[in-house]
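Each remark here refers to the structure printed beneath this line.
The values are calculated or read from the model by the stated rules, or taken from the named source; none is laboratory data. Worth saying up front: this structure is predicted, and the values here are computed from it rather than measured. Counting neighbours? That spans all protein chains shown, and the Cβs are built from the backbone with ideal geometry, glycine included.
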Ligand SMILES: Cc1cc2nc3c(=O)[nH]c(=O)nc-3n(C[C@H](O)[C@H](O)[C@H](O)COP(=O)(O)OP(=O)(O)OC[C@H]3O[C@@H](n4cnc5c(N)ncnc54)[C@H](O)[C@@H]3O)c2cc1C
């Protein structure tokens with residue numbers, strides 16, 4: 001008898017939702033997490049009385065998280081205290097203009113009409129169109145296994161309305177913005193959102209243009225920090241007998257005759273199992289933990305062909321004043337040409353960001369308990385290369401942190417530099433070291449058209465029996481709700497095949 005029915009590698013959102021559901025449904029489940037923290041990119045850590053998020057800073061389009069908690073016999077809202085973020089964001093355009101976008105459609109139309117009356121009206125059409133597409137995707141597109149053409153056709157048969165949105169599948173994020181909006185400034189208010197999938201506006205697939213709309217369906221922050229979501233999944237799982245071990249790194253997945261047998265931990269101990277759900281980067285899984293000798297030559301070629309997704313730089317600041325910001329999220333944005341240029345001429349060449357666009361996350365606006373009385377916690381997310389040309393992040397990080405504080409003070413948060421009490425930076429190299437994300441890739445694999453839907457690694461491995469994937473490396477890719485939803489897909493596949 002194997003020691004466990006299922007071993008889950010990694011306690012990110014995908015791994016925990018899978019493990020919790022399988023435990024609830026009677027399986028003997030062990031979740032192994034190499035870090036001392038759970039949640040992976042959706043986690044929170046403490047420094048000198050301030051709580052900072054590791055990665056994700058809000059959730060939106062939460063249907064798939066709600067479905068997972070329902071499967072666990074409870075509700076998302078019962079398990080996690082969600083604070084509504086309104087305004088949904090504020091942005092600082094390149095020329096210094098500030099635009100604040102509220103939750104309400106009328107307020108958004110009004111805010112955009114102040115820049116361009118026509119584009120304000122166009123926003124309604126954009127919202128109708130992308131909102132219609134979002135509604136269609138909720139019928140299964142983002143919550144089904146897409147392990148081949150058969151699955152793909154099944155999803156389209158279940159929601160034929162998706163066919164009305166073909167142009168979103170064949171155009172880029174920026175094409176869609178251009179189609180609806182003529183004012184460069186209005187386009188600028190929505191250009192940064194393409195980075196939510198890790199790509200500049202010209203490379204992000206058009207389907208993600210819904211991100212310019214989804215915030216109007218609601219944006220939430222969990223009280224207690226982003227880690228409150230994985231904590232809730234873990235405690236639901238544990239109530240049903242799921243075992244969770246932190247500080248336990250899986251070194252190898254044992255495979256015999258193309259079937260999973262167990263795992264080997266850092267200390268050399270072996271644990272046997274019938275099935276493995278992997279919540280880690282798919283390239284690391286197949287090439288390092290399993291070994292290419294177990295893969296069919298085509299699968300070997302396929303897995304090697306994926307590129308890592310973009311990485312990020314996270315600046316965490318504890319301050320002793322109330323920052324003069326208008327919203328939980330302030331986007332320091334730029335025209336999309338500048339973002340595209342940044343991708344090709346700085347990111348791809350390993351050059352440090354300059355005059356960066358980025359996202360200022362004011363967590364204590366939504367939950368003041370994350371900082372000492374009268375103080376605030378701010379996270380700033382910037383896009384940065386993992387490998388720097390002619391230098392490395394360990395050498396550059398302190399200077400970069402100082403430069404960033406100066407830049408943020410000048411650009412978006414007046415007075416900031418006089419009030420910083422705690423400052424810490426998480427570089428792409430730190431994401432790699434802390435979470436074992438190769439290349440610091442925050443979404444596992446790149447999310448361009450060549451790695452979408454059936455072209456992304458399958459949630460049920462074709463090469464290795466008993467192996468399932470959850471998390472950012474499989475369909476539908478990075479994001480807290482999508483990865484948590486992918487955990488349910490993996491659990492269903494385990495139930496079906498094991
Ligand atoms: C800076 C940043 C900002 C983001 N902003 C948002 C946002 O606002 N909203 C949103 O929805 N999404 C956001 N995301 C994306 C989102 O956080 C991730 O896509 C999602 O949390 C990934 O979940 P996952 O299930 O793939 O697991 P991951 O979070 O990747 O976790 C994988 C876990 O596996 C563990 N692990 C790795 N290797 C091993 C091993 N060998 N043995 C054992 N354990 C192992 C890791 O330690 C980690 O805990 C952001 C991400 C980042 C980094």
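How many residues does segment 365-395 hold that are under 26 Å from the mean Cα position of the chain (by Cα) and away from the ligand (no atom under 16 Å from the Cβ)?
The number of residues fulfilling the criteria is 8.
Could you tell me which numbered condition residue 336 fails, if it satisfies all but one of (1) modelled with pLDDT of 95 or more; (2) more than 16 Å from the ligand (Cβ to nearest atom); (3) out of contact with any strand residue (DSSP E or B) (no Cβ under 7 Å at 6 or more places or on another chain)?
With respect to (1) modelled with pLDDT of 95 or more; (2) more than 16 Å from the ligand (Cβ to nearest atom); (3) out of contact with any strand residue (DSSP E or B) (no Cβ under 7 Å at 6 or more places or on another chain), residue 336 is out only on (1).
Looking at segment 467-489, can you tell me whether even one residue there is surrounded by fewer than 24 Cβ atoms within 10 Å (Cβ to Cβ), in a loop (DSSP other than H, G, I, E, B) and in contact with a strand residue (DSSP E or B) (Cβ under 7 Å, 6 or more places away or on another chain)?
no
A quick yes/no check of all residues on (1) surrounded by fewer than 20 Cβ atoms within 10 Å (Cβ to Cβ); (2) in contact with a strand residue (DSSP E or B) (Cβ under 8 Å, 6 or more places away or on another chain); (3) in contact (Cβ under 8 Å) with a residue 24 or more places away in the chain; (4) not in a helix (DSSP H, G or I):
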| residue | (1), (2), (3), (4) |
| --- | --- |
| 153 | yes, no, no, no |
| 177 | no, no, yes, no |
| 213 | no, no, yes, no |
| 233 | no, no, yes, no |
| 247 | yes, no, yes, yes |
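Among the residues of segment 38-52, is any at pLDDT 95 or above, more than 14 Å from the ligand (Cβ to nearest atom), surrounded by fewer than 20 Cβ atoms within 10 Å (Cβ to Cβ) and part of a loop (DSSP other than H, G, I, E, B)?
yes
Please enumerate the residues belonging to segment 72-86 that are closer than 15 Å to residue 238 by Cα and buried (at least 18 other Cβ atoms within 10 Å of the Cβ).
72, 79
Give me the pairs: first residue in segment 379-394 and part of a helix (DSSP H, G or I), second residue surrounded by fewer than 22 Cβ atoms within 10 Å (Cβ to Cβ) and at pLDDT 95 or above, beta-carbon distance under 7 Å, and six or more apart or on different chains, which are they?
Filtered contacts from segment 379-394: 393/429; 394/429.
So which residues in segment 1-31 are surrounded by fewer than 24 Cβ atoms within 10 Å (Cβ to Cβ) and in contact with a strand residue (DSSP E or B) (Cβ under 7 Å, 6 or more places away or on another chain), if there are any at all?
Across segment 1-31, the qualifying residues are 2, 3, 4, 5, 27, 28, 30.
Keeping to segment 287-320, report how many residues are within 13 Å of the ligand (Cβ to nearest atom) and part of a helix (DSSP H, G or I).
So the count comes out to 4.
Hey, residue 358 hits all of (1) in contact with a helix residue (DSSP H, G or I) (Cβ under 7 Å, 6 or more places away or on another chain); (2) within 16 Å of the ligand (Cβ to nearest atom); (3) under 30 Å from residue 322 (Cβ atoms) but one; which does it fall short on?
Unmet for residue 358, out of (1) in contact with a helix residue (DSSP H, G or I) (Cβ under 7 Å, 6 or more places away or on another chain); (2) within 16 Å of the ligand (Cβ to nearest atom); (3) under 30 Å from residue 322 (Cβ atoms): (1).
Looking for whichever is in contact (Cβ under 8 Å) with a residue 12 or more places away in the chain, part of a strand (DSSP E or B), within 20 Å of residue 228 (Cα to Cα) and within 15 Å of the ligand (Cβ to nearest atom) here; the options are 6, 31. Which one fits?
31
May I ask you to say which residue of 198, 148 is on the phi > 0 side of the Ramachandran plot, in contact with a helix residue (DSSP H, G or I) (Cβ under 9 Å, 6 or more places away or on another chain) and touching a residue at least 60 places away in the same chain (Cβ under 8 Å)?
None of the other options fit; the residue is 148.
Each row is one residue, and each column tells you yes or no for (1) touching a residue at least 40 places away in the same chain (Cβ under 8 Å); (2) over 26 Å from residue 334 (Cβ atoms); (3) under 20 Å from the mean Cα position of the chain (by Cα); (4) within 14 Å of the ligand (Cβ to nearest atom).
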site	(1), (2), (3), (4)
397	no, no, no, no
402	no, no, no, no
407	yes, no, no, no
425	yes, no, yes, yes
434	yes, yes, yes, yes
442	yes, no, yes, yes
455	no, yes, yes, no
471	yes, yes, yes, yes
477	yes, no, yes, yes
